[in-house]
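What follows is a short report on a single structure.
FYI, it's all coordinate maths here, none of it is from the lab. Just so we're clear, the structure is a prediction, and the values are computed from it rather than from any experiment. Counting neighbours? That spans all protein chains shown, and the Cβs are built from the backbone with ideal geometry, glycine included.
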Amino acid sequence: MSQDPKYPTRIRYEYEHDPGVRLEYAHGVWGGINPQGEIEMSFYIETDKMPPFSERLVAPDGSFGHEVAPYDENLKVITRHIRSKVVLNYHTARAVLEWLEEKVETLEMEEEGGMMYEGEGGLEQ
């Protein structure tokens, strides 16, 4: 079958990074479906919560003692710092899901010694 002359034979996707692009690390994701029917994902990292303040005891001779901070031994507080938020429509979410499954399968095969890491790759909608 011959190519219709009004359509190109190839489409090239060229990638350009916005100057504000940063590499982000995530411990997890929180989100759901918004009122517009899109998937919202907030990626976060987790850290121990810092105390609201700390104090140092001062001895009568003016030397510093140990540092103390308010602490409740019955409560452990973890802070989730939202680092980035991504909103996907259904078709993009489906494409990302398939892309992630492919990458996870590649990593699993690599761990089993079945193949070498393939590197980066795109996703198709």
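Anything in region 24-43 that is free of Cβ contacts under 8 Å to residues at least 24 places away in the same chain and surrounded by fewer than 10 Cβ atoms within 10 Å (Cβ to Cβ)? List them, or say none. Listed by number, the residues that qualify are 32, 35, 36. I need a count of the residues in region 50-86 that are more than 32 Å from the chain's Cα centre (by Cα) and either within 30 Å of residue 20 (Cα to Cα) or of a type in the set (Lys, Arg) (or both). Matching residues across region 50-86 total 1. Among the residues of region 44-66 satisfying the criterion of being surrounded by 10 or more Cβ atoms within 10 Å (Cβ to Cβ) and among the acidic types (Asp, Glu), which is farthest from residue 29 (Cα to Cα)? If we take residues in region 44-66 being surrounded by 10 or more Cβ atoms within 10 Å (Cβ to Cβ) and among the acidic types (Asp, Glu), then 55 is farthest from residue 29 (Cα to Cα). Scanning region 68-106 for residues being assigned to a helix (DSSP H, G or I) and either surrounded by 12 or more Cβ atoms within 10 Å (Cβ to Cβ) or acidic (Asp, Glu) (or both) gives a total of 13.
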